[in-house]
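**Student:** Below is the structure I would like to discuss, written out as structure tokens.
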Amino acid sequence: HPGENIKPPQRRQKVRILVVVGRSEGIRTQDDLKVIQRLKVKGAEVVSLIRPNIQELCQALWDKNGYHIFVFTGHSGSQADGQIGWIEVNDQDSLSIQEFKNALKAAIDRGLQLAIFNSCDGLGLANQFAQINLPRCIVMREPVPDEVAVEFLEHFFEAFTNNQSLCASVH
């Protein structure tokens, strides 16, 4: 299991999470956001962007303090061959990873370890993240009901914040 050796940051280090809520028509992304915001009581720092434009997204990723975890919730998609994926960051803009690759690389250089795309059809996103050497990426292969997406985040973060390995937390 390649994720077994990735552990959550040590207790003395504050976990920083960047959560981006993209276009959400027909899905309840506010429930995902609530789950992540609850991590503040465990000492995490949570930075939230609601339907940002590309400049706002890139500025957040360039933050000199860096992030440990990037979470996207909203609509996404991938080409049929699974090579290219995109996120719908707001009601007008869909972005491929390539379009904000430099900002992502900066975030990886500053400690980004994990990206979670709690959105549909993310294989193309995972493929693109592998090309820029992000250590770990969690994506949904197919559309998932809102309740499943929210429960995944709840159970994942509960396990991960209790010092379970990444692999155990995903299971």
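**Student:** Being under 16 Å from LEU57 (Cα atoms), hydrophobic (A, V, I, L, M, F, W, C) and touching a Gly at 6+ places or on another chain (Cβ under 9 Å) narrows it down to one of VAL170, VAL89, so name that one.
**Tutor:** Of VAL170, VAL89, the one residue that is under 16 Å from LEU57 (Cα atoms), hydrophobic (A, V, I, L, M, F, W, C) and touching a Gly at 6+ places or on another chain (Cβ under 9 Å) is VAL89.
**Student:** Take the residues in segment 112-152 that are touching a residue at least 60 places away in the same chain (Cβ under 8 Å) and part of a loop (DSSP other than H, G, I, E, B), then tell me which one is least open to solvent (accessible area, probe 1.4 Å).
**Tutor:** It comes out as SER119.
**Student:** Pairs needed: first member in segment 76-98, open to solvent by 30 Å² or more (accessible area, probe 1.4 Å); second member anywhere, of a type outside the set (D, E, K, R) and assigned to a loop (DSSP other than H, G, I, E, B); C-beta distance under 8 Å; at least 6 residues apart or different chains.
**Tutor:** GLU88/GLY22; GLU88/GLY74; GLU88/HIS75; ASP93/ASN53; GLN98/ILE84
**Student:** A further question follows. How many residues are acidic (Asp, Glu), part of a loop (DSSP other than H, G, I, E, B) and modelled with pLDDT under 90 when one looks only at segment 54-105? Steps first, please.
**Tutor:** Looking only at segment 54-105, we keep the residues that are acidic (Asp, Glu), and these are 56, 63, 81, 88, 91, 93, 99.
With part of a loop (DSSP other than H, G, I, E, B) added as a condition, the list becomes 63, 81, 91, 93.
Applying the additional criterion that residues be modelled with pLDDT under 90 yields 81, 91, 93.
Residues that pass the stated criteria total 3.
**Student:** Still on this model: Quick one: count up the residues across segment 19-52 that are open to solvent by less than 60 Å² (accessible area, probe 1.4 Å) and under 29 Å from PRO145 (Cβ atoms). Let's see the steps before the verdict.
**Tutor:** So the first thing to find is which residues in segment 19-52 are open to solvent by less than 60 Å² (accessible area, probe 1.4 Å), and the list is 19-24, 27, 29, 31-33, 35-37, 39, 43-44, 46-49, 52.
Next, only the ones that are under 29 Å from PRO145 (Cβ atoms) stay: 19-24, 27, 29, 31-33, 35-37, 39, 44, 46-49, 52.
Result for segment 19-52: 21.
The values are calculated or read from the model by the stated rules, or taken from the named source; none is laboratory data. Owing to the predicted nature of the structure, the values given are computational and were not obtained by experimental measurement. No Cβ is skipped: glycine too gets one built from the backbone with ideal geometry, and neighbour counts run over all protein chains shown. Please note that ligands, DNA and RNA were not included when accessible areas were found on the heavy atoms of the full protein model with its side chains. Shrake-Rupley method; radii C 1.70, N 1.55, O 1.52, S 1.80 Å.
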